[in-house]
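Visitor: Shown below is the structure under consideration.
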Amino acid sequence: MSHLADTLFRPSITWLLLFFAILLPTSIGSAQTQVLPVDAAVPYSTDATDATKKIDEQILKGLQQSQLAFAPECSDEEFVRRIYLDLTGRIPTLEQLDQFLSDSNSDKRNRLIDELLTSDTHFEYFAAIFDTMLMGRKDRKIAERRKHGWHDYLKRVFAENRPWNQVVREILLARGEGPQRGHLWFLYERENKHQEIAESVAKSFFGVDIACAQCHDHLVAQEIKQAHYWGLVGFFRRSTNVQTENGIGIAESAIGGFDDYANPLLGTTEKLSLSFLLREDVEEPRPEDPAQQDDNESLYVVVAGEPKVPLFSRREKFVEEIVEDHPLLARAMVNRVWGLLLGRGLVHPIERMDSTQQPSHPELLDWLAEDFRYHGYDIRRLVLAVVRSETYQRSMSTAHASSPDQSFANALAKPLTAEAYLQSLQVGLPFPPLVAESEKWRQLSSQWRKFFPEIIATNDQASMDQALGLTNGPEFQSLLHEAAEVWLMETATLSNEERIQQAFRRLFGRHPEAEEQSHIVAYLDTRSDRAMAAWAQVFWTMVTSAEFRFNH
């Protein structure tokens, strides 16, 4: 068997071992991609050569210093599956797989990357992934987010390749733009919970967790002060959800929000200042008695159809004096994209970019962050630089499995996101038409977003919820039986050997090994009187195997 099959997937040995494989840590949409034109105002930059070269130079330098060998380039079969999963959130169809493998052009990998990066499937997937990374899985309000334009806004971000710093400004300034209001949802969904807003802003856009500084200065990351926590809360303290004639809005008061906060460790009380990490405080005159402030129209600018805007807007000051070229803004996004594509951040976990977590390759992170900033916070160019690199395109060779993950000596196996898992099931299994619109599928989707909550996993050990959901979930089992029924009808003229060949290519992108095929044939022969149930079991074994559940 191939080294990958030998490491990840051995259904030919026994069916029962799979359940334990799910429990133990491992070592490791649409059927057609619609290519869309890119907005002419934001040209697609293919000039990422310098960044790609820098990535490989720095990773190789680290390997040489650590005296570590690195894995060879991955095969075309490995690459095509990996790149489809990373950029579109699903495995390739058989047609797409065969088209790529039969292409003899030496530049076919770069051409496929370019095609996927400008596809509607990519925009949809990255919108879904960034929705989860920015908003979390908890109490996920998918229908409301779509209704109020948040998902469409994120999709436009990637379709138009909007500069990331501009996106952050739009989200945090939260000013309405007529019917275009999707960017308001980041603040709106948090329902005036200003501490939750501050903690989310710090993690999402600056890559730091400030929650530990609520009651005192951070005990380990000494650069994170309690003043930074309450200062960030202060920037949003005057913001309130409202309804406008155009839809949802975020109003802002011109007064109030001069809170005091206590430090129980020191037994002191401090006055709030508009403060945040690595920036000078924003000056704001503090009235002698904030409770006596007079809120009147002279403190605002009236905007037709929108909430009035304070002459002194704390949110506006935040985006102009804190967000503008903040040193963590580019670093956090570079680290997030690196983690999404390589399986772990240069700083890991990705939302711990403080002094307690040192980068695995500090010079590379510094360079990529500055390059990202210099080139206008171009997200697509950053993704392009990473996926074209030798570092990204290395094999997950078992010969280098002992190398530390942070060395990037070989490809890391990444657990599929819930989104990618579900989309790949639709591509790989022959479900009945419109199955994705069924109540059963909606229930399965909701369950799996709870079972597989992480986008960039901090470990590759499956949880008990995942194991039980994959083995005993009634919706999942029922859908597998539906797929098996369709499969038997579609392949009625084929032998079991031919069916197995097709199933392996659809789900794994490879042919079965002789041992795998012989064991599955033997199993099917013993269940010939219950062929549908037997094929449902075969499908279950394949799609719950590590080979399918991981992007490798």
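Visitor: Going residue by residue through the stretch 84-93, is there one that turns out to be surrounded by fewer than 19 Cβ atoms within 10 Å (Cβ to Cβ) and either more than 22 Å from ALA418 (Cβ to Cβ) or at pLDDT below 95 (or both)?
Guide: We begin by selecting, within the stretch 84-93, every residue surrounded by fewer than 19 Cβ atoms within 10 Å (Cβ to Cβ); these are 93.
Filter once more, so that each one left must be either more than 22 Å from ALA418 (Cβ to Cβ) or at pLDDT below 95 (or both): none.
No, the stretch 84-93 contains no residue that is surrounded by fewer than 19 Cβ atoms within 10 Å (Cβ to Cβ) and either more than 22 Å from ALA418 (Cβ to Cβ) or at pLDDT below 95 (or both).
Visitor: I'd like to know if the stretch 309-332 contains one or more residues that are modelled with pLDDT of 95 or more, within 27 Å of ILE83 (Cβ to Cβ) and hydrophobic (A, V, I, L, M, F, W, C).
Guide: yes
Visitor: Going residue by residue through the stretch 119-130, is there one that turns out to be surrounded by 14 or more Cβ atoms within 10 Å (Cβ to Cβ), over 16 Å from the mean Cα position of the chain (by Cα) and at pLDDT 95 or above?
Guide: Our first condition is that a residue be surrounded by 14 or more Cβ atoms within 10 Å (Cβ to Cβ); within the stretch 119-130, this holds for 119-130.
With the extra rule that they be over 16 Å from the mean Cα position of the chain (by Cα), the set shrinks to 119-120.
Restricting the remaining residues to those that are at pLDDT 95 or above gives 119-120.
So far as the stretch 119-130 goes, yes, one or more of its residues are surrounded by 14 or more Cβ atoms within 10 Å (Cβ to Cβ), over 16 Å from the mean Cα position of the chain (by Cα) and at pLDDT 95 or above.
Visitor: Another question, if that's okay. Pairs please, first residue from the stretch 376-395 and on the phi > 0 side of the Ramachandran plot and in the same structural domain as LEU116 (by TED's automatic domain parsing), second anywhere and at pLDDT 95 or above and surrounded by fewer than 22 Cβ atoms within 10 Å (Cβ to Cβ), Cβ atoms under 6 Å, 6+ apart in sequence or on different chains.
Guide: Once the first residue is on the phi > 0 side of the Ramachandran plot and in the same structural domain as LEU116 (by TED's automatic domain parsing) and sits in the stretch 376-395, its partners that are at pLDDT 95 or above and surrounded by fewer than 22 Cβ atoms within 10 Å (Cβ to Cβ) give GLY376/PRO163; TYR377/PRO163; TYR377/ASN165.
Visitor: Restricting to the stretch 193-212, name every residue that is crowded, with 23+ Cβ neighbours inside 10 Å and in a helix (DSSP H, G or I).
Guide: If the condition is that a residue be crowded, with 23+ Cβ neighbours inside 10 Å and in a helix (DSSP H, G or I), then ALA198, VAL201, ALA202, PHE205, PHE206 are the ones that fit.
Visitor: Could you figure out which of (1) part of a loop (DSSP other than H, G, I, E, B); (2) out of contact with any His (no Cβ under 6 Å at 6 or more places or on another chain) isn't true of MET396?
Guide: Among (1) part of a loop (DSSP other than H, G, I, E, B); (2) out of contact with any His (no Cβ under 6 Å at 6 or more places or on another chain), MET396 violates only (2).
Visitor: Looking only at the stretch 227-257, count every residue that is closer than 23 Å to PRO285 by Cβ and either of a type outside the set (D, E, K, R) or not assigned by TED's automatic domain parsing to the domain that holds LEU299 (or both) and tell me the total. Lay out the reasoning, then the answer.
Guide: As a first pass, look at the stretch 227-257 and keep what is closer than 23 Å to PRO285 by Cβ: 227-240, 251-257.
Cutting the leftovers down to either of a type outside the set (D, E, K, R) or not assigned by TED's automatic domain parsing to the domain that holds LEU299 (or both) gives us 227-236, 239-240, 251, 253-257.
Number of matching residues: 18.
Visitor: Could you tell me how many of the residues in the stretch 41-69 are in contact with a Leu (Cβ under 6 Å, 6 or more places away or on another chain) and modelled with pLDDT of 95 or more? Even if it seems obvious, please write down each step before you answer.
Guide: Quick first cut of the stretch 41-69, residues in contact with a Leu (Cβ under 6 Å, 6 or more places away or on another chain) only: 48, 58.
Subsequent filtering for residues that are modelled with pLDDT of 95 or more retains 58.
Of the residues in the stretch 41-69, 1 are in contact with a Leu (Cβ under 6 Å, 6 or more places away or on another chain) and modelled with pLDDT of 95 or more.
Visitor: Give the number of residues within the stretch 58-71 that are part of a helix (DSSP H, G or I) and under 26 Å from the mean Cα position of the chain (by Cα). Before you say what the answer is, go through the steps one by one.
Guide: Just the residues of the stretch 58-71 that are part of a helix (DSSP H, G or I), to begin with: 58-65.
Narrowing the set further to residues that are under 26 Å from the mean Cα position of the chain (by Cα) leaves 58-59.
Here the count works out to 2.
Visitor: Sticking with this structure for a sec: When you scan the stretch 272-290, do you find a residue that is assigned to a helix (DSSP H, G or I) and farther than 19 Å from PHE408 by Cα, even just one? Don't jump to the end; show me each part of the working.
Guide: So the first thing to find is which residues in the stretch 272-290 are assigned to a helix (DSSP H, G or I), and the list is 290.
So of that shortlist, the ones also farther than 19 Å from PHE408 by Cα come out as 290.
Yes, because at least one residue in the stretch 272-290 is assigned to a helix (DSSP H, G or I) and farther than 19 Å from PHE408 by Cα.
Visitor: In the set ARG506, ARG530, ARG549, which member is among the basic types (Lys, Arg) and over 21 Å from ARG90 (Cα atoms)? Before the answer, list the steps.
Guide: Numbers: ARG506 fails: over 21 Å from ARG90 (Cα atoms); ARG549 fails: over 21 Å from ARG90 (Cα atoms).
Result of the check over ARG506, ARG530, ARG549: ARG530.
Yes or no, residue by residue, for (1) surrounded by fewer than 20 Cβ atoms within 10 Å (Cβ to Cβ); (2) modelled with pLDDT of 90 or more; (3) among the polar types (S, T, N, Q); (4) within 18 Å of LEU94 (Cβ to Cβ):
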site	(1), (2), (3), (4)
LYS414	no, yes, no, no
LEU422	no, yes, no, no
GLY428	no, yes, no, yes
SER445	yes, yes, yes, no
LEU468	yes, no, no, no
GLU475	yes, yes, no, no
SER478	yes, yes, yes, no
ALA484	no, yes, no, no
GLU490	yes, yes, no, yes
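Visitor: Only residues that are under 30 Å from ASP86 (Cα atoms) and buried (at least 21 other Cβ atoms within 10 Å of the Cβ): list them for the stretch 517-535, please.
Guide: Taking the stretch 517-535 as the starting set, the residues that turn out to be under 30 Å from ASP86 (Cα atoms) are 517, 535.
Selection gives TRP535 alone.
Residues checked against (1) surrounded by 18 or more Cβ atoms within 10 Å (Cβ to Cβ); (2) among the aliphatic types (A, V, I, L, M); (3) over 30 Å from VAL242 (Cβ atoms):
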site	(1), (2), (3)
ASP281	no, no, no
GLU284	no, no, no
PRO290	no, no, no
ASN296	no, no, no
GLU320	no, no, no
PRO327	no, no, yes
ILE350	yes, yes, yes
SER355	no, no, yes
HIS361	yes, no, yes
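Visitor: May I ask you to list pairs of residues, at least six apart or on different chains, whose Cβ atoms are under 9 Å apart, with the first in the stretch 526-543 being among the basic types (Lys, Arg) and the second being assigned to a helix (DSSP H, G or I)?
Guide: Close Cβ pairs (under 9 Å, with a partner that is assigned to a helix (DSSP H, G or I)) amount to ARG527/ALA533; ARG527/ALA534; ARG527/TRP535; ARG527/GLN537.
Visitor: Which residues, counting only those in the stretch 158-181, are of a type in the set (Gly, Ala, Ser) and in contact with a helix residue (DSSP H, G or I) (Cβ under 6 Å, 6 or more places away or on another chain)?
Guide: Taking the stretch 158-181 as the starting set, the residues that turn out to be of a type in the set (Gly, Ala, Ser) are 159, 174, 176, 178.
Once the filter is applied, which keeps residues that are of a type in the set (Gly, Ala, Ser) and in contact with a helix residue (DSSP H, G or I) (Cβ under 6 Å, 6 or more places away or on another chain), the stretch 158-181 yields ALA159, ALA174.
Visitor: Separate question: Which one of GLY345, GLY339 is part of a loop (DSSP other than H, G, I, E, B), in the same structural domain as LEU85 (by TED's automatic domain parsing) and surrounded by 13 or more Cβ atoms within 10 Å (Cβ to Cβ)?
Guide: Working: GLY339 fails: part of a loop (DSSP other than H, G, I, E, B).
Answer to the check: GLY345.
Visitor: State whether one or more residues within the stretch 67-75 are farther than 29 Å from TRP367 by Cβ and surrounded by fewer than 17 Cβ atoms within 10 Å (Cβ to Cβ). Steps first, answer last, please.
Guide: The first filter runs over the stretch 67-75 and keeps only residues farther than 29 Å from TRP367 by Cβ, leaving 75.
Among the residues that remain, those that are also surrounded by fewer than 17 Cβ atoms within 10 Å (Cβ to Cβ) are: 75.
Yes, some residue in the stretch 67-75 is farther than 29 Å from TRP367 by Cβ and surrounded by fewer than 17 Cβ atoms within 10 Å (Cβ to Cβ).
Visitor: Just the residues that are in a loop (DSSP other than H, G, I, E, B) and touching a strand residue (DSSP E or B) at 6+ places or on another chain (Cβ under 9 Å), please, taken from the stretch 139-177.
Guide: So in the stretch 139-177, the residues in a loop (DSSP other than H, G, I, E, B) come out as 139-141, 148-149, 160-163, 174-176.
Passing the criteria: HIS148, GLY149, ALA174, ARG175, GLY176.
Visitor: Can you name the residue in the stretch 72-98 that is of a type outside the set (A, V, I, L, M) and more than 24 Å from the chain's Cα centre (by Cα) and, of all such residues, is nearest to ALA128 (Cα to Cα)? Don't jump to the end; show me each part of the working.
Guide: Taking the stretch 72-98 as the starting set, the residues that turn out to be of a type outside the set (A, V, I, L, M) are 72-79, 81-82, 84, 86, 88-90, 92-93, 95-96, 98.
Restricting the remaining residues to those that are more than 24 Å from the chain's Cα centre (by Cα) gives 72-73, 75-76, 95, 98.
Values: PRO72: 32, GLU73: 30, SER75: 29, ASP76: 27, GLU95: 25, ASP98: 28 Å.
Looking at residues that are of a type outside the set (A, V, I, L, M) and more than 24 Å from the chain's Cα centre (by Cα), I get GLU95.
The values are calculated or read from the model by the stated rules, or taken from the named source; none is laboratory data. Worth saying up front: this structure is predicted, and the values here are computed from it rather than measured. Cβ atoms come from the backbone with ideal geometry, glycine included; neighbour counts cover every protein chain shown.
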